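Right, one structure below, let's go through it.
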Amino acid sequence: MKFSRGAPEETQYHERETNWFDRWFVSEHERERGFNRHMFEDDIVNIFRHSSNRSGGEIEIESNNDALTERLLSNVQTRYDQYGQSETIVALVEEILQALVWFDRAVYSLHENDEQQSTSIVSASSGTFIRFAGLTFQYFPHRREHHWENGNIVLDNELRLLAASRTLYFYWPRSIRRRIDSQNKVLRALDKDHGETTLKFLPQVTHDNPNPRNYFDYKLWSNTQDYALFKATQATGWSGRKFRFEKKSDFFDCHRLLRFRRLQLELRDQILVQLSDQLSRAGKRYWKNYTVTFSASNAAPSVLRLDELEVQLTQEKVGFSEVMDYCFKS
């Protein structure tokens with residue numbers, strides 16, 4: 001194994017050759033984690049996928065050095081096009097949350113161009129990072145790179161100690177992580193045999209008994225699954241996209257929507273706090289007193305307003321349509 005120091009490597013798409021030892025260090029997202037897990041991961045990120053009609057005022061930025069802030073944010077590489085600092089932060093928050101959902105961490109690297117006097121913030125391979133004793137490492141398994149002239153080159157595995165001043169590291173807030181982990185344990189059990197469970201209870205058709213009698217009560221089984229799902233998601237508020245459950249009411253839907261929306265906005269605010277800390281630390285490479293703070297503006301949905309709507313809904317001072325309109329406000 002090769003040991004080195006340096007900046008983190010950007011996201012690479014070369015072919016990995018992982019073995020059992022590499023899987024202890026490399027976290028690879030399994031896109032097909034199960035029916036319910038797949039839906040939950042998509043829904044929790046949906047809050048940040050705004051429509052094309054962005055107002056550009058969702059994020060407020062306060063800094064004691066506007067020129068340095070412009071330098072740090074001018075070359076942030078994301079999947080979306082940005083037209084200003086607020087849009088850049090919105091796109092960055094979206095990608096950080098997506099990496100948290102997939103890899104439980106999000107890592108970005110700081111690259112400097114001395115000739116152009118510019119700084120780039122680039123997403124790194126989040127699944128390859130390890131934190132131990134306050135240090136951050138990046139582990140590379142055996143990987144194959146394709147070159148036109150030299151053909152395929154196999155690189156040895158490598159453990160790289162990263163320069164803290166050039167690494168932006170984001171993680172799950174502990175309170176939110178606890179709620180999601182508790183929920184996902186039940187979702188994992190529900191997804192284990194999803195789609196095949198009912199077939200196991202069906203009697204086998206034979207020559208002597210071509211029309212066997214079926215004693216399996218699918219409705220009872222489905223209601224039991226729904227009850228387990230709603231009980232497991234009580235802390236997060238996720239509805240599981242169960243829109244036709246017979247025991248649900250409009251009040252239940254609105255109450256759940258408010259709770260799930262609050263979870264998403266708490267995530268947004270926590271990521272903004274981490275982003276403020278990480279960029280303030282990175283900016284101290286250029287100016288030791290540099291600070292920058294990102295926060296949601298008054299034009300964006302807020303947790304405080306959700307709490308007010310919940311109280312007013314309980315007191316019958318607002319209707320379901322008002323709650324829905326605010327929760328789906330982009």
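Residue count for region 311-325 under the criterion of being closer than 14 Å to R259 by Cα and surrounded by fewer than 17 Cβ atoms within 10 Å (Cβ to Cβ): the result is 3.
Looking only at region 282-309, which residues are part of a helix (DSSP H, G or I) and surrounded by 17 or more Cβ atoms within 10 Å (Cβ to Cβ)? Of everything in region 282-309, those that are part of a helix (DSSP H, G or I) and surrounded by 17 or more Cβ atoms within 10 Å (Cβ to Cβ) turn out to be A282, G283, L306, L309. Of note, Y227 does not satisfy the criterion of being assigned by TED's automatic domain parsing to the domain that holds V90, more than 20 Å from D42 (Cβ to Cβ), more than 25 Å from the chain's Cα centre (by Cα) and surrounded by fewer than 19 Cβ atoms within 10 Å (Cβ to Cβ). Do we find a residue being out of contact with any Ser or Thr (no Cβ under 6 Å at 6 or more places or on another chain), modelled with pLDDT of 90 or more and part of a loop (DSSP other than H, G, I, E, B) anywhere in region 211-221? No, region 211-221 contains no residue that is out of contact with any Ser or Thr (no Cβ under 6 Å at 6 or more places or on another chain), modelled with pLDDT of 90 or more and part of a loop (DSSP other than H, G, I, E, B). Hey, among the residues in region 82-112 that are part of a helix (DSSP H, G or I) and β-branched (V, I, T), which one's nearest to the chain's Cα centre (by Cα)? So the residue we want is V101.
Any residue in region 247-264 that is part of a loop (DSSP other than H, G, I, E, B) and over 29 Å from D191 (Cβ atoms)? No; the residues of region 247-264 include none that is part of a loop (DSSP other than H, G, I, E, B) and over 29 Å from D191 (Cβ atoms).
Would you mind stating whether D181 is modelled with pLDDT of 80 or more, surrounded by 15 or more Cβ atoms within 10 Å (Cβ to Cβ), outside any loop (DSSP other than H, G, I, E, B) and acidic (D, E)? Criteria not met by D181.
The values are calculated or read from the model by the stated rules, or taken from the named source; none is laboratory data. Here the structure is a predicted model, which is why all the values come from computation and not from measurement. Note that each Cβ is placed from the backbone with ideal geometry, even for glycine, and that neighbours are counted across all protein chains shown.
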